[in-house]
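**Student:** My questions all concern the structure below.
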Amino acid sequence: MSYLIAHPMAEPRVEPWRVAWAADTTLVDRPPVTVSQTTAQSQQRRQVLVAEDDLALLELMKGVLEKAGCDVLVARNGAEALMLLERHEPVLALIDVHLPVVDGRGVVSAMKKRDRAVRTIVMSAGPLAERIAAELGASGFLAKPFGVDALLGAIEPKEQIG
């Protein structure tokens, strides 16, 4: 079922339409997010900063990370991310490269100048993500679009060898 509104709808018809639309969208097949017991335990009470300007992706990431046991700080632009980094000490920052106000490169550079010991994962579209992460000295990268498994894999603490 789909809707096309070509003319303004009369006020008495708006609420019934909204209810029907909301009911129709609940039929969308959304696979459940599964989190391994190990992931959930290792992420207990870990604070994670997610800086992303795409609201849909931001909300999706927040939900997945919270389900994995993380406390999530969200920023819609680089200035918000820097403000949150002043007030909190997350163990991980997931930073989109293309943020408004202060871009991701600026956020990561400011973190390094302030000597913040925060593991940083850079997010960007396609093959540029890895190159940008290397240029910035980030701990890792997520190439958009990425899946839930990639997100959960990125937040796993990496063991130091040697």
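**Student:** Is it the case that D24 is more than 20 Å from V148 (Cβ to Cβ) and either modelled with pLDDT under 95 or touching a Pro at 6+ places or on another chain (Cβ under 9 Å) (or both)?
**Tutor:** On the way: more than 20 Å from V148 (Cβ to Cβ): yes; either modelled with pLDDT under 95 or touching a Pro at 6+ places or on another chain (Cβ under 9 Å) (or both): yes.
Yes; evaluated as a whole, the condition is true for this residue.
**Student:** If you don't mind, another one. Can you list the helices (runs of 4 or more DSSP H) lying wholly within the range 97-162 that have 3 or more residues being without any contact (Cβ under 8 Å) to a residue 40 or more places away in the chain, among the small types (G, A, S) and farther than 13 Å from G78 by Cβ?
**Tutor:** Numbers: elements: 104-113, 128-136, 148-155.
Once the helices (runs of 4 or more DSSP H) in the range 97-162 are filtered for at least 3 residues that are without any contact (Cβ under 8 Å) to a residue 40 or more places away in the chain, among the small types (G, A, S) and farther than 13 Å from G78 by Cβ, what remains is 128-136.
**Student:** Being of a type outside the set (S, T, Y), crowded, with 18+ Cβ neighbours inside 10 Å and either at pLDDT 95 or above or out of contact with any Lys or Arg (no Cβ under 7 Å at 6 or more places or on another chain) (or both) is true for just one of L82, L128. Which residue is that? Give the derivation first.
**Tutor:** Working: L128 fails: crowded, with 18+ Cβ neighbours inside 10 Å.
Checking each option against the conditions leaves just L82.
**Student:** Identify all residues within the range 46-67 that are within 19 Å of F141 (Cα to Cα) and hydrophobic (A, V, I, L, M, F, W, C); write none if there are none.
**Tutor:** If the condition is that a residue be within 19 Å of F141 (Cα to Cα) and hydrophobic (A, V, I, L, M, F, W, C), then V48, L49, V50, A51, L57, L58, L60, M61, V64, L65 are the ones that fit.
**Student:** Which pairs turn up if I take residues in the range 75-92 that are farther than 15 Å from K112 by Cα and look for partners that are assigned to a loop (DSSP other than H, G, I, E, B) and of a type in the set (V, I, T) with beta carbon separation below 8 Å, at least 6 apart in sequence or on another chain?
**Tutor:** Cβ pairs passing all conditions: N77/V101; N77/V102; A79/V101; A79/V102; E80/V101.
**Student:** Quick one: which of R30, R46 is among the basic types (K, R), modelled with pLDDT under 95 and surrounded by fewer than 10 Cβ atoms within 10 Å (Cβ to Cβ)? Write out each step before concluding.
**Tutor:** On the way: R46 fails: surrounded by fewer than 10 Cβ atoms within 10 Å (Cβ to Cβ).
Only one candidate passes the filter, namely R30.
**Student:** When the residues of the range 99-140 are filtered to those that are touching a Gly at 6+ places or on another chain (Cβ under 9 Å) and among the β-branched types (V, I, T), which remaining residue is farthest from H88 (Cα to Cα)?
**Tutor:** Within the range 99-140, the match that is farthest from H88 (Cα to Cα) is I132.
**Student:** Which of the residues belonging to the range 70-96 are assigned to a strand (DSSP E or B) and either on the phi > 0 side of the Ramachandran plot or among the acidic types (D, E) (or both)?
**Tutor:** Going through the range 70-96, the residues assigned to a strand (DSSP E or B) turn out to be 70-75, 92-96.
Within the range 70-96, D71, D96 qualify.
The values are calculated or read from the model by the stated rules, or taken from the named source; none is laboratory data. On a predicted model such as this, the values are computed, not experimentally measured, just so you know. No Cβ is skipped: glycine too gets one built from the backbone with ideal geometry, and neighbour counts run over all protein chains shown.
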